[in-house]
């Protein structure tokens, strides 16, 4: 698989974006919290699973940020003026990515996809590590950081062009960020199709993050605005 070779959709699973309303998830997709861990210096490093939710054949996830029954929709979007207009590009990742070539790794990125999870900041940041990827330790940490990024903003390839991606099972994670005291996006994993309100199917990817605070300027995808608006899923 490469970013130029489309990933097959996970069979039977789908997320439907509704007009100014919730995400409708079908197929019994597993749903649980995923909590960002950190190292002694406070840098994001690793994940741990939190609460697991039941996975009925269909359920509606809040995307306006106002539901009192988060992560599920309670209809608050009808009364809070939520504008869920989808503004994200419909071009594939490869068509709009920027590249940084290092001696052993090539980094591709689409910055607007950043969900502010900060895994790329450890050990001098992923960009600097890629530039010195002829060093075995730097290469290893760069690959680890890119793999931990939930949004797929950053992807790495080796010298042969092979995409270095973790094997993620089809599932949905609700990101929690205790360092920042914020709740993050909806982490869609393993090639689950995301269908726009008008029926367009966004590029199938191994990992993407969907907005659940209601404030992203790149809907339906997260752009990190949950940090600025101080979004908490418990409120």
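Consider residue 207 against the criteria (1) at pLDDT below 95; (2) closer than 23 Å to residue 91 by Cβ: it satisfies all of them except one. Which criterion is unmet?
Among (1) at pLDDT below 95; (2) closer than 23 Å to residue 91 by Cβ, the lone unmet condition for residue 207 is (1).
Just one of (1) surrounded by 17 or more Cβ atoms within 10 Å (Cβ to Cβ); (2) over 14 Å from the mean Cα position of the chain (by Cα) trips up residue 185, so point out which.
(2)
What residue, among those in segment 6-35 that are at pLDDT below 95 and under 17 Å from the mean Cα position of the chain (by Cα), is surrounded by the most Cβ atoms within 10 Å (Cβ to Cβ)?
Per the stated criteria, the residue is 10.
Would you check if residue 73 is in contact (Cβ under 8 Å) with a residue 60 or more places away in the chain, in the same structural domain as residue 176 (by TED's automatic domain parsing) and closer than 25 Å to residue 201 by Cβ?
Values: in contact (Cβ under 8 Å) with a residue 60 or more places away in the chain: no; in the same structural domain as residue 176 (by TED's automatic domain parsing): yes; closer than 25 Å to residue 201 by Cβ: yes.
No.
Do you know which of the residues in segment 71-87 that are assigned to a loop (DSSP other than H, G, I, E, B) and crowded, with 20+ Cβ neighbours inside 10 Å is farthest from the chain's Cα centre (by Cα)? Let's see the steps before the verdict.
Residues of segment 71-87 assigned to a loop (DSSP other than H, G, I, E, B): 71, 73-75, 79-87.
From the residues that got through so far, the ones that are crowded, with 20+ Cβ neighbours inside 10 Å too are 71, 73, 84.
Numbers: 71: 16, 73: 20, 84: 18 Å.
By that ranking, first place goes to 73.
Go through segment 124-165 and give me each residue that's surrounded by fewer than 18 Cβ atoms within 10 Å (Cβ to Cβ) and on the phi > 0 side of the Ramachandran plot.
Of everything in segment 124-165, those that are surrounded by fewer than 18 Cβ atoms within 10 Å (Cβ to Cβ) and on the phi > 0 side of the Ramachandran plot turn out to be 124, 125, 161.
Is one or more of the residues making up segment 36-58 surrounded by 19 or more Cβ atoms within 10 Å (Cβ to Cβ), over 29 Å from residue 139 (Cα atoms) and not assigned by TED's automatic domain parsing to the domain that holds residue 139?
no
Taking residue 104 and the conditions (1) out of contact with any helix residue (DSSP H, G or I) (no Cβ under 6 Å at 6 or more places or on another chain); (2) outside the structural domain of residue 204 (by TED's automatic domain parsing); (3) modelled with pLDDT of 95 or more; (4) surrounded by 12 or more Cβ atoms within 10 Å (Cβ to Cβ), which numbered condition does it fall short on, given that it satisfies the others?
(1)
The values are calculated or read from the model by the stated rules, or taken from the named source; none is laboratory data. Because the structure is predicted, anything quoted here is derived from the model rather than measured. Ideal geometry is used to build each Cβ from the backbone, glycine not excepted, and the neighbour counts take in all protein chains shown.
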